[in-house]
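Working notes for the structure below.
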Amino acid sequence: MLSSVVIEPKKPADSCVIWLHGLGANGHDFEPIVPELGLPDSLATRFIFPHAPEMPVTINGGMVMPAWYDILEMNIDRKVDSEQLIKSAQAVTQLIEQQIAAGIAPERILLAGFSQGGAVAYHAALTFPHQLAGLLALSTYFATAEQVQHRPTNQALPILIMHGRHDDIVPETLGQKARDLLSEAGYPVAYTSYPMQHAVCLEQIREIGHWLAERLKSV
């Protein structure tokens with residue numbers, strides 16, 4: 001089981017967001033974003049920020065760092081270690097199953113991921129056997145598009161893709177490519193871009209907060 005930073009709500013959790021960081025970061029990276037989301041007090045949402053394992057990363061000269069998978073070549077389509085990516089997605093699936101075992105329904109669990117973490121979130125969410133509350137893909141790419149076996153039970157999964165128009169790490173064309181592939185596959189996809197680089201911005205954080213509140217509101 002992945003070790004994680006966990007932020008509990010003020011009352012017993014009835015929903016959960018599992019949020020994956022990018023290459024070289026850790027679970028604390030997005031921890032400060034929670035109070036900035038402006039979520040209503042009525043939400044009882046647990047936030048889980050897993051730590052990626054440490055491994056050598058080829059494009060960084062083999063330096064050992066937190067990574068969800070190895071990146072073998074830095075090109076437009078990103079040659080990655082798909083086997084390791086899928087293993088990381090399976091570890092995220094274990095976190096989802098842990099939350100379900102703790103009493104949170106799958107349709108109340110949402111996956112989010114930034115950059116490398118977003119690539120893992122794509123695979124984990126789209127291959128999960130039950131529909132989740134949503135998938136938030138930030139400045140990322142659909143690395144396993146050719147390997148994913150789509151689940152009919154997840155076909156209505158709400159997906160929000162956000163990308164910086166000046167991203168020089170993960171070009172916006174990769175975010176747009178994911179949007180187009182998923183739209184063609186029949187998923188309800190929303191896409192938003194911002195005048196930023198490989199990062200998040202305040203306007204975006206507020207939009208994320210509104211989207212999370214809508215996806216996780218009590219019914």
Checklist entry - Quick one: in region 165-200, which of the residues that are free of Cβ contacts under 8 Å to residues at least 12 places away in the same chain and of a type outside the set (Gly, Ala, Ser) is most open to solvent (accessible area, probe 1.4 Å)? => result GLU184
Next on the checklist: I'm trying to understand the selection: among the residues of region 77-92, which are open to solvent by less than 40 Å² (accessible area, probe 1.4 Å) and in contact with a His (Cβ under 7 Å, 6 or more places away or on another chain)?
Outcome noted: LEU85, ALA89
Checklist entry - Restricting the search to region 128-146, which residues are free of Cβ contacts under 8 Å to residues at least 60 places away in the same chain and open to solvent by 10 Å² or more (accessible area, probe 1.4 Å)? => result PRO129, HIS130, GLN131, PHE142, ALA145, GLU146
Next on the checklist: So in region 48-76, with the set limited to residues that are of a type in the set (Val, Ile, Thr), open to solvent by 10 Å² or more (accessible area, probe 1.4 Å) and not in a loop (DSSP other than H, G, I, E, B), which one is nearest to TYR141 (Cα to Cα)?
Outcome noted: ILE59
Checklist entry - All but one of (1) touching a residue at least 40 places away in the same chain (Cβ under 8 Å); (2) more than 23 Å from PHE142 (Cβ to Cβ) hold for GLU214; which doesn't? => result (1)
Next on the checklist: Which count do you get for residues in region 96-127 that are touching a residue at least 60 places away in the same chain (Cβ under 8 Å), open to solvent by less than 30 Å² (accessible area, probe 1.4 Å) and over 27 Å from LEU174 (Cα atoms)?
Outcome noted: 2
Checklist entry - Going through region 66-86 one residue at a time, which ones are more than 19 Å from ALA25 (Cβ to Cβ) and among the basic types (Lys, Arg)? => result LYS79
Item to check | Matching residues in region 157-205 - criterion: being of a type outside the set (A, V, I, L, M, F, W, C) and within 15 Å of ALA112 (Cβ to Cβ) | outcome: PRO158, HIS163, GLY175, THR192, GLN204
Next on the checklist: Restricting to region 80-114, give me the number of residues that are under 22 Å from GLU214 (Cβ atoms) and part of a strand (DSSP E or B).
Outcome noted: 6
Checklist entry - When only residues in region 5-47 that are surrounded by 17 or more Cβ atoms within 10 Å (Cβ to Cβ) and of a type in the set (Ser, Thr, Tyr) count, which is farthest from GLY209 (Cα to Cα)? => result SER15
Next on the checklist: Just checking, does region 147-164 include any residue being touching a residue at least 60 places away in the same chain (Cβ under 8 Å) and within 24 Å of LEU23 (Cα to Cα)?
Outcome noted: yes
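The values are calculated or read from the model by the stated rules, or taken from the named source; none is laboratory data. Note that the coordinates shown come from a computational prediction; the quantities given were computed from them, not determined experimentally. Every residue, glycine as well, gets a Cβ built from its backbone with ideal geometry; the counts of neighbours run over all protein chains shown. Ligands, DNA and RNA are stripped out before the accessible areas are found, and what is left, the full protein with its side chains, is counted by its heavy atoms. Shrake-Rupley method; radii C 1.70, N 1.55, O 1.52, S 1.80 Å.
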